[in-house]
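Since the structure comes first, as structure tokens, the remarks are kept for the end.
What follows is calculated from the coordinates using simple rules that are stated; it is not laboratory data. Model, not experiment: these values are computed from the prediction. Here the Cβ is made from the backbone with ideal geometry for all residues, glycine too, and neighbour counts use every protein chain on show.
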Amino acid sequence: MNRRQRPTRGPAGPDGPADPGTSAGDGTPERLQKVLAEAGLGSRRALEDWIRAGRVRVNGRLAQLGDRVGPRDRIQVDGRALDRRASRHPRLRVLAYHKPEGEVVTRRDPEGRPTIFRHLPGIRDGRWITIGRLDINTAGLLLVTNHGELANRLMHPSRQVERLYAVRIHGPVPPTALAQLLAGVELDDGPARFEQILEAGGSASNRWFHVLLREGRNREVRRLWEAVGCAVSRLKRVQFGSVVLGARPLPGQWRELTPDELTGLLDLAGLAPPRRRPLVRAR
């Protein structure tokens, strides 16, 4: 009687650097969500939710968190077999999207609000994954990729990727407030602080600042200012890691990262450079 092969189980732990789009070449079992992420199906966090929801099977059995899979294991997502040979070497792509205010960073919005995904190009292998998020009232640079492992690493707090924001404050900003923001304030999800604050012009009632963070908690920039009694009237992300927004793309448009920008992100993520450099496209 034929028995279905069981996936290997192993303890969860941090993964070492890997070549983008590849699995372990020696046949060593890897965590299931890592394999799915490398196939471009989503970030590890999202894929863990898929596994919990029963959307993933390995060798005919419902997958569980902690499963590890080898080259011969058969993976199904929503009843469809994952072609691991086709997804093993997809061309690594990262787009810089200029998000305008009023768009949400979800594929489908129950309220019918416009989403960023309506502006992104079609993709043959996998799907677009956002590297972090921006709330509906925040504009600026948002990176999207087809490589879940790259997205996961860049979003992980341990990487301390720099994020630079331009923020306009309505009303007075006392020096004591700036000192507090640099020293650190207590938010409802723990202490937080700006690494750097630079004045960037404006009027007495609407002053602009550039603020630097090394993490990406939900609405963190707004909550920090609110904690010292200051009201944010405009917020725009202008840099993520080594990628700067610049004059292009315009709001609602995107461009492919240059090879140098892509290499910079891979270095931040602790990943090896891609075998083939992507074409530079603009829109």
**Asked** By per-residue mean of other Cβ atoms within 10 Å, what is the highest-first order of 255-261, 183-189?
**Response** 255-261, 183-189
**Message:** Cβ neighbours within 10 Å, averaged per peptide: list 53-63, 92-102 in order, most packed at the top.
**Reply:** 92-102, 53-63
**Asked** Taking θ as phi - 60°, what are the ³J(HN,Hα) couplings along region 59-76 by the Karplus curve (6.51, -1.76, 1.60), each to the nearest whole Hz, with x for Gly and Pro?
**Response** 6, x, 9, 4, 6, 10, 4, x, 5, 10, 10, x, x, 8, 6, 9, 10, 10
**Item:** Two-site label geometry, residue 228 and residue 52: point separation in nm, points 7 Å out along Cα→Cβ
**Value:** 3.6 nm
**Prompt:** Arranged from highest to lowest average of other beta-carbon atoms within 10 Å per residue, in what order do the peptides 161-170, 70-79 appear?
**Reply:** 161-170, 70-79
**Asked** What length, rounded to one decimal in nm, is gained on full extension from residue 250 through to residue 72, with 0.36 nm per residue of separation minus their alpha-carbon distance?
**Response** 59.5 nm
**Asked** Taking 0.36 nm per intervening residue step and subtracting the Cα-Cα distance, what contour gain separates residue 214 from residue 111 on full extension?
**Response** 33.9 nm
**Prompt:** Each residue of region 44-58 in order: what ³J(HN,Hα) in whole Hz does its phi give by Karplus 6.51 cos²θ - 1.76 cosθ + 1.60, θ = phi - 60°, with x for Gly and Pro?
**Reply:** 4, 4, 5, 6, 4, 5, 4, 4, 4, 7, x, 8, 10, 10, 10
